[in-house]
Amino acid sequence: MINTNATNFRKNIFEMLDQTIKFNEPVNISTKSGNAVLISEEEYNSLMETLYLTSVPGMKEKLLKGADEPLEECDNFEW
């Protein structure tokens, strides 16, 4: 995570946006009022999907069980 203050962020906004978008590198921006975190749209969408999936009753357990299942025992689907 890149840590910066609002003044430095303003000076380097395009470089920091590029870093965030290309490498999913979050930017923590400190101000007198508090802090804000800039993340890429891809990272945001990933977080929202994770929150949604873990909010479905029983889904977290199914995902953890599926992650532990050997690949050889998984069904092969044609999409």
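The values are calculated or read from the model by the stated rules, or taken from the named source; none is laboratory data. Only a predicted model underlies this, so the values are computations on that prediction, with no experimental measurement involved. Virtual Cβ from ideal backbone geometry, glycine too; neighbours counted across all protein chains shown.
All conditions in (1) modelled with pLDDT under 95; (2) of a type in the set (Lys, Arg); (3) loosely packed, with under 11 Cβ neighbours inside 10 Å hold for LYS22, with the sole exception of (1).
Suppose we keep only residues that are surrounded by 10 or more Cβ atoms within 10 Å (Cβ to Cβ), without any contact (Cβ under 8 Å) to a residue 12 or more places away in the chain and within 13 Å of the chain's Cα centre (by Cα) within the range 42-54. Which one would you say is nearest to ARG10 (Cα to Cα)? Here the residue is TYR44.
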